[in-house]
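The values are calculated or read from the model by the stated rules, or taken from the named source; none is laboratory data. Quick caveat: nothing in here was measured; it's all calculated off a predicted structure. Note that each Cβ is placed from the backbone with ideal geometry, even for glycine, and that neighbours are counted across all protein chains shown. Note: areas computed on protein heavy atoms with side chains; ligands, DNA, RNA excluded. Shrake-Rupley method; radii C 1.70, N 1.55, O 1.52, S 1.80 Å.
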Amino acid sequence: MQTKQSVYMHGSREHIIKKATALFLQKSFKAVTMKEIVESTGLSKGAFYHYFPSKESLFLEIVETYIRMLNIDFDKFSKNSLYEFYHNYIDSSYKKFMQLKEFLEDTNDEDDLTYITLTFDAINLFPGFKEQVRQLHNRELSAWENVIQLAMERGEIKSSMTPVQIASLFVYVSDGIGQRLLMQGQIGDLQDELLILWNGLYNDLKV
């Protein structure tokens, strides 16, 4: 059973993470100051440093929270068809994105958020993070490859390309359009744009 003090401490910790995540997604790690973070939380310096002794320790927890929130469980997606699989992917990604927006409750414009900068900052600051990202990407590519292999065996799609080549096309299309929309300040359009491109690719593969 949680005491009032433990509930307060948990709430304050989460409050700090929320406020600081918004700042780190709007600016680079270097550009955000501890003074700015402390002021955004409305807490005293003493209360703030009770939870996080440094900007690096706070940023590490933010990165871990961010990865957990956006991590996709491909095992929950339909394997009945490639079509259902990538529609499940888009639906899941949209829900994850909306959860992140809700988490960043005081951030008005998601198009100003620098997701790529946060990732690069994390790679530069924490050597193990690059390997963690690599493993996530490998799991993603493997999930696509497996469902595409099944789709080819069932006769749903046909191509002279291998399953891993087709999987790479789906993944790289997603990565490319995501980065382009981020740079254009139109990340909110990702779901619709990605569905158009993936539908086009699927229709070319469909038997």
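Accessible surface computed residue by residue for the chain, with neighbouring protein chains in place and a 1.4 Å probe, gives 58 Å² per residue. Between amide H atoms placed 1.01 Å from N, distances below 5 Å from ILE157 occur with MET152, VAL207, all of them 5 or more places distant or on a separate chain.
Computing the accessible area with a 1.4 Å probe over protein heavy atoms, can you report the carbon and sulfur percentage for the stretch 163-207? For the stretch 163-207, the apolar C and S fraction of the accessible surface comes to 51 percent.
Taking springs between alpha-carbon atoms closer than 10 angstrom, which of LYS79, LYS35, LYS158 fluctuates most in the Gaussian network model of the chain? Of LYS79, LYS35, LYS158, the Gaussian network model singles out LYS35 as fluctuating most.
Annotation for the stretch 119-133 versus the stretch 60-101: alpha-carbon center distance of 20 Å.
Out of every Cα-Cα pair that the chain contains, those further apart than 30 angstrom amount to 33 percent. Measuring nothing but how far apart in sequence close Cα pairs (under 8 Å, 6+ apart) lie, relative to its length, the chain scores a relative contact order of 23 percent. Within the chain, the selection of entire DSSP H helices by a Cα span of 18 Å or greater along the long axis and an average Kyte-Doolittle value of at least 0.5 returns 163-184. Helices in the chain, meaning DSSP H runs of at least 4 residues, each add -39500 (n - 2.57). Divided by all residues, the mean residue ellipticity at 222 nm is -25000 deg cm²/dmol. Ranked by the mean number of other Cβ atoms within 10 Å of their residues, highest first, the peptides 68-75, 51-58 fall in the order 51-58, 68-75.
Along the axis of the charge dipole computed for the stretch 74-207 (Cβ charges of +1 for Lys and Arg, -1 for Asp and Glu, origin at the Cα centre), the listed residues LEU182, VAL147, ILE116 are led at the positive end by VAL147.
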